[in-house]
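Participant: Below is the structure I would like to discuss, written out as structure tokens.
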Amino acid sequence: MKPVPVLLGGLLRASENVGPGEVAAKHPHTYQFCVWQAEKLGIPIRFPEHHPFLTVTPQRLLAQQNADWAMVERAFDYVWIEGKDPNLSWPDFCAYLGLPADTPKPDSPDIKALLIANTKQAREDGAFGVPALIVKQHCFWGLDTIDWTLDYLARPQMFEEASYAYAANVPNGLL
């Protein structure tokens, strides 16, 4: 499995949704949950001085570099352990990723198109937010679905079982 950089804003717009930072009550709830979850897992966490911030340029860099999991993890560490916004400290961010500090911010039409294409493909595959794992045409969205994903990998016929098929087709009483 390979990480694929996408534009969260593009996924949110496509599903007519907004991010937690755009909902007043959801903002502190989500961020405090992140702190709690990190404590439970023994993972250090330090929020950047402001969040959300624009991720398009760092995502372009990851796409341009054809980033592997190690580079993506370093990018996450820079934001969530170091507590820094890559846009405000670009040379340090690049060096943190193991790239030359003078790496320019990606701005080529090809990289922009690649990130847009990645986002479009993710939408077509069923993603509507991040993090999302697409496994055999099933979208597992959010940190809390990792165990579900692992169960699915161990039980690949899961979605063909009657209860799952029924749950997927329950009529929406609000429409």
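The values are calculated or read from the model by the stated rules, or taken from the named source; none is laboratory data. Here the structure is a predicted model, which is why all the values come from computation and not from measurement. Here Cβ is always computed from backbone atoms with ideal geometry, including for glycine, and neighbour counts include all displayed protein chains.
Participant: For residue 7, are the conditions met, namely being aliphatic (A, V, I, L, M) and either modelled with pLDDT of 95 or more or loosely packed, with under 11 Cβ neighbours inside 10 Å (or both)?
Facilitator: no
Participant: Let me ask another. So which residues in region 77-111 are among the acidic types (Asp, Glu), more than 23 Å from residue 49 (Cα to Cα) and either surrounded by 14 or more Cβ atoms within 10 Å (Cβ to Cβ) or in contact with a helix residue (DSSP H, G or I) (Cβ under 8 Å, 6 or more places away or on another chain) (or both)?
Facilitator: Passing the criteria: 102, 107.
Participant: While we're looking at this one, here's another question. From 58, 48, 28, grab the single residue that is of a type outside the set (Phe, Trp, Tyr) and in a loop (DSSP other than H, G, I, E, B).
Facilitator: Checking each option against the conditions leaves just 48.
Participant: Another one. Looking at region 104-154, which of its residues are more than 20 Å from the chain's Cα centre (by Cα), under 23 Å from residue 76 (Cβ atoms) and hydroxyl-bearing (Ser, Thr, Tyr)?
Facilitator: Within region 104-154, none qualify.
Participant: Continuing with this model, one more query. On the given criteria, is residue 33 under 24 Å from residue 139 (Cα atoms), without any contact (Cβ under 8 Å) to a residue 40 or more places away in the chain and surrounded by fewer than 16 Cβ atoms within 10 Å (Cβ to Cβ)?
Facilitator: For residue 33, the condition - under 24 Å from residue 139 (Cα atoms), without any contact (Cβ under 8 Å) to a residue 40 or more places away in the chain and surrounded by fewer than 16 Cβ atoms within 10 Å (Cβ to Cβ) - is met.
Participant: All but one of (1) more than 16 Å from the chain's Cα centre (by Cα); (2) touching a residue at least 12 places away in the same chain (Cβ under 8 Å); (3) assigned to a loop (DSSP other than H, G, I, E, B) hold for residue 101; state the number of the condition that does not hold.
Facilitator: Result: residue 101 fails condition (2) only.
Participant: Now for a separate question. Need pairs with beta-carbon distance below 8 Å; first residue under 13 Å from residue 8 (Cα atoms) and within region 115-140, second assigned to a helix (DSSP H, G or I) and basic (Lys, Arg); sequence gap 6+ or separate chains.
Facilitator: Filtered contacts from region 115-140: 115/60.
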